Every structure is written in structure tokens, then in C-alpha cells.
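Derivation of every value follows stated rules applied to the coordinates shown; laboratory data play no part. Here the structure is a predicted model, which means the values were calculated and not measured. Cβ sites come from the backbone with ideal geometry, for glycine too, and all protein chains shown count toward neighbours.
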Amino acid sequence: MAHVKASWARTYDPLIGAAERQRISGAKHVPALFEAEYGSDGGFGYVAVTPEGQIVGHVGGQLMPERVAFVDRLHVLPDWHGSAVALRLVEAVVAGQARRADTVELTVLVNNARAIGFYDKAGFVLAGEPQPREGLAGISALRMRLAMK
Ligand SMILES: CC(C)(COP(=O)(O)OP(=O)(O)OC[C@H]1O[C@@H](n2cnc3c(N)ncnc32)[C@H](O)[C@@H]1OP(=O)(O)O)[C@@H](O)C(=O)NCCC(=O)NCCS
């Protein structure tokens with residue numbers, strides 16, 4: 001939880017402003033919501049851990065209709081950006097959800113250039129036009145999709 005909140009602050013303050021980030025993160029990132037999400041049948045989550053036991057990355061989401069594994073969050077600590085950690089987390093979703101899903105989907109703000117660069121490299125493709133409805137603070141989001149098989 002603390003990792004996700006800190007990563008949100010680092011990532012989204014420059015993209016949507018601190019006030020809006022605080023408002024959204026304060027409502028979204030609360031233990032009860034995380035527990036309900038991960039405790040539900042459709043919830044999934046994976047962490048990347050060093051041999052010393054430090055959590056350096058996290059991916060989580062939920063199954064949606066039509067066998068879609070929807071990724072709500074993917075965060076890697078800055079010291080581990082540019083390593084293979086983010087890719088390993090996507091691979092964990094693919095391997096872990098293959099029985100229940102055919103595609104991985106997510107939304108990413110149009111101005112989150114690093115994340116878009118990563119998803120592109122990981123094999124995600126655009127799924128439709130940028131959607132203001134799926135964005136934050138008036139900034140549109142792209143929906144991206146990865147075929148699992
Ligand atoms: C998104 C995230 C998981 C990606 O992991 P990462 O380790 O940083 O990704 P990588 O470095 O492997 O790949 C990013 C690619 O985008 C490129 N890139 C980096 N900054 C960029 C920029 N400003 N504009 C365009 N491309 C950029 C990189 O060059 C890299 O490609 P390369 O391997 O060819 O050099 C990580 O940056 C993160 O945790 N960010 C904060 C949280 C976040 O934004 N999550 C996604 C929410 S949808």
C-alpha cells in the first residue's frame with residue numbers, strides 16, 4: 001500500500017497535479033478496498049521481491065468479462081526502472097491468469113510516456129482511440145491490450 005501511494009505521488013504529481021493525485025489516491029488506496037479486490041475470486045496480484053526480501057515491484061488487477069485480465073496497477077521502484085522487473089511482472093500476469101483470460105488490458109494516461117514506452121516494448125498494442133472517460137483530471141487514457149496466446 002505504501003509503495004503504491006509513493007509511486008502514485010512520484011508518477012502522477014507531474015502528470016495530473018498533486019492536489020488531484022492526493023484526492024484520487026486518498027480514496028482509492030485504502031486497505032479495505034485492496035483487501036476486497038485481492039480477496040475476490042477475480043482479483044490477482046504479484047510482487048517482485050529481491051533475494052533479501054525487499055518488494056521492488058507490484059502488479060494487480062481483476063478479471064473482467066470476456067476473459068480479460070485488467071491490470072489496475074503496475075509499479076516498480078525507481079532504482080529498478082530499466083531492469084527486467086516490470087517485464088517479469090507482466091509475465092507473471094500472463095502465466096498466472098492464462099487459465100482464466102485470453103488478453104491483458106490496461107489504461108495508461110497519454111502523458112505517461114515511460115509507461116507507454118514500456119507497454120509498447122512488452123508487446124501491448126493500442127485498443128481504440130484515447131478515452132477522456134478512462135483518464136484522470138481531464139487527461140485522456142489509452143487502452144492497451146496484450147494477447148496472451
Ligand atoms: C511503468 C513502469 C512499470 C515501466 O517499467 P520500467 O522498468 O521503467 O520500463 P523500461 O525501462 O523497461 O521500459 C521503458 C521504455 O520506455 C522508454 N522511455 C523511458 N522514458 C521515456 C520517455 N520519457 N518517453 C518515451 N519513452 C521513454 C525507455 O527508453 C524504455 O525503453 P528501452 O528499453 O527501449 O530503453 C515503471 O516506469 C513504473 O513503475 N512507473 C511508475 C508507475 C507507472 O507509471 N505505472 C504505470 C501506470 S499505467
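Some notes on this structure:
- The distance between label points at Q22 and M148 comes to 4.0 nm (points 7 Å beyond Cα on the Cα→Cβ vector).
- With a cut-off of 19 Å on the backbone N, the residues of the range 20-45 near the modelled label site 7 Å out from D72 along Cα-Cβ are 21-45.
- Within the shell defined by Cβ-Cβ distances under 12 Å, the residues around G45 carry a net charge of -2, with Lys and Arg each +1 and Asp and Glu each -1.
- For the chain, share of DSSP beta bridges that run antiparallel, in % to the nearest 5: 90 percent
- In percent, rounded to a whole number, the relative contact order of the range 1-97 is 20, using alpha-carbon pairs under 8 Å and six or more apart.
- Bridging of K28 to lysines at a Cα separation below 23 Å is possible for K5, once same-chain residues fewer than 8 apart are set aside.
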